[in-house]
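The next block holds one structure in the form of structure tokens; read it before the comments.
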Amino acid sequence: MTIVSVKQALAGVQAGQAVTVQGWVRTRRDSKAGLSFINLADGSCFAPIQIVAPATLANYESEIKRLSAGCALRASGTLSPSQGQGQAFEIQASAIEVTGFVEDPETYPIQPKAHSMEFLREVAHLRPRTNLIGAVARVRHTAMSAIHRYLGAQGFFWVNTPIITTSDAEGAGDMFRVSTLDLANLPRTPGGGIDFGKDFFGKEAFLTVSGQLNVEAYCLALSKVYTFGPTFRAENSNTARHLAEFWMIEPEIAFADLDADATLAEGFLKAIFQAVLDERMDDLAFFAERVEPSVIRRIESFVREPFARLDYSEAIRILEKAPRKFEFPVAWGIDLQTEHERYLAEEHVGRPVVVMNYPEAIKAFYMRLNDDGRTVAAMDVLAPGIGEIIGGSQREERLDYLDRRMLQFKLDPAHYQWYRDLRRYGTVPHAGFGLGFERLLVYLCGLGNIRDAIPYPRTPGSATF
Ligand code: 4AD
Ligand code: MG
């Protein structure tokens, strides 16, 4: 017996032959004619395959008739053309081996019906068995692979940057502290509390908020690089767009300015979206049917249409003239809020827009000061339906300017000596950006909440699984 995946079986690989498929039961239906139809999924593709189990199977009464959602089995039989609607092939089973029953079918959380997303987050270990979370996991994989493929083909090198760090890469102060605790001998403060001290072997250390500063060093040697890994933000924002732990992809290019950065961002996003259209249409069709009707159209137009580009100052003028009121008042100098970003992308331009050259006071210390002295060479890519998905900039490559900005942001230059070195030894104009990978997935899958774009969401108060 050849073992095939459900995806291969549905495509007719080994049609007419004896094959084995393995997976988890979605549904079982018994016909009057003394047959059972079992829908079996193994996650290899969106659809399950139908197993036709005849009453002549040795374990038909004892086991097959007990199968319920979630049971695991191996089915062997002939891969045959199916009479059933919507599927080309099915398995005419000659043997079914049940490897695991569901202990208490009534209380098994993943019943064959629609569940609320809130409920599914409470069973994060079982939710990948649902259509929706399974599809998100496959799209996540495809998008991640497409990123590596695209950047690799463009001559970028993937650099692995550290998770534990002493520098605050964004200078925003939203970091988690790292502690080395000997749980048996917790150090005590004089008051009896736990003394967390400076705990990374006598130093103060944090979980990284971004790999950018580290990857800049590699950029100034390998020219085109990117880092892609988990990043951590201790901002206490309990919203549908924020996670405390999220994955970020950060490309960095040497001898490049903000325009080159925006061009890279556009080509990069389009390549990912195209890959998902090419490889995951079955999952996208499900999102369009059940989650967000416009999702496929949105992705297609994202790939087709050139992004708009807008200066921040121009964006402010547009917002000031907008025919509707915003909750957060608009004036030059404000940080754009989601409502502003969405107005610009959705109502004003109607497609993704790159907003460039923000006021220097609201952007990170490492961004390059423009000649006007009041804006920096920063860009955000705003997408309809979500707002900011990419944030990037041309970096300040002039040491004296960088020092002044660190001073202005009250950052301790002692923590950034190595970063300053990059400006002392062979500095060049360079630029890069960060893409929040889960924000991208929210967009690709039409999700309402970023917590469903990552297998195990970390948000204020939730780190259970
Ligand atoms: O705009 P941010 O903070 O930029 C940086 O971290 C730069 N170092 C990037 C760079 O230039 N290399 O974050 C980049 C992106 C945002 O556009 C957003 O998509 C995402 O990361 N992001 C979050 N995603 C989920 N949860 C959060 N709390 C996020 N904060 C930022
Ligand atoms: Mg940002």
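The values are calculated or read from the model by the stated rules, or taken from the named source; none is laboratory data. All figures in this text were calculated on a predicted structure; none of them were measured in a lab. Cβ placement follows ideal geometry from the backbone for every residue including glycine, while neighbour counts extend to all protein chains displayed. Side chains are part of the model used for accessible areas, which takes the heavy atoms of the whole protein and leaves out ligands, DNA and RNA. Shrake-Rupley method; radii C 1.70, N 1.55, O 1.52, S 1.80 Å.
Considering only protein heavy atoms, with the full assembly of protein chains and a 1.4 angstrom probe, order LEU243, LEU181, LEU207 by accessible area, largest first.
Correct descending sequence by accessible area is LEU181, LEU207, LEU243.
Show HIS430, HIS242, HIS125 ordered by accessible area, largest first, where the area counts protein heavy atoms only and the probe is 1.4 Å.
Ranked list, largest accessible area first: HIS125, HIS242, HIS430.
When Lys and Arg each count +1 and Asp and Glu each count -1, what net charge do the other residues less than 11 Å away from ASP174, Cβ to Cβ, add up to?
-2
Any chance you could run the full-extension gain for ARG66 through THR180? It's 0.36 nm times the residue separation minus the Cα-Cα distance, nm to one decimal.
The ARG66-THR180 span can extend by a further 36.0 nm.
Given 0.36 nm per residue, what is the gain on full extension from GLN83 to ARG317 after removing their alpha carbon distance, in nm?
So the extension gain works out to 78.1 nm.
Calculate the FRET efficiency for ARG324 and SER294 from the Cβ-Cβ distance with a Förster distance of 25 Å, rounded to the nearest 0.05.
Rounded to the nearest 0.05, the efficiency is 0.70.
Answer rounded, prolate or oblate for the chain, using the Cα gyration tensor with square roots of eigenvalues a ≥ b ≥ c: rounded when a/c is under 1.5, else prolate when a/b is larger than b/c, else oblate.
Prolate.
Could you grab the relative contact order for the range 28-135? Cα pairs under 8 Å, six or more apart, rounded to a whole percent.
Relative CO of the range 28-135 lands at 22 percent.
How large is the helix-only mean residue ellipticity at 222 nm for the chain, computed as the sum of -39500 (n - 2.57) over DSSP H runs with n ≥ 4, divided by its residue count, in deg cm²/dmol to the nearest 500?
-8500 deg cm²/dmol
Between GLN408 and GLU204, how many nm apart are label points set 7 Å from Cα along the C-beta direction?
2.4
How far apart, in nm, are two points set 7 Å out from the Cα along the Cα-to-Cβ line at GLU118 and at ALA285?
The answer from the label model is 3.3 nm.
Which lysines, on any chain, are close to LYS203 with Cα under 26 Å apart, when same-chain ones fewer than 8 places away are left out?
Qualifying lysines at Cα under 26 Å: LYS410.
Using r as the Cβ-Cβ distance of ARG29 and ALA240, and R0 as 41 Å, what FRET efficiency do you calculate, to the nearest 0.05?
So, using R0 = 41 Å, E works out to roughly 0.65.
For the range 143-170 and the range 230-284, what is the separation of their Cα centres, given in Å?
Value for the Cα centre distance between the two parts: 11 Å.
Take the Cα of MET1, step 7 Å along the line toward its Cβ, and report every residue of the range 79-105 whose backbone nitrogen sits under 12 Å from that point.
79, 92-99
According to the square roots a ≥ b ≥ c of the eigenvalues of the Cα gyration tensor, what is the shape class of the range 281-410, taking rounded for a/c under 1.5, prolate for a/b larger than b/c otherwise, and oblate for the remainder?
prolate
ARG149 accessible area, nearest 10 Å², 1.4 Å probe?
130
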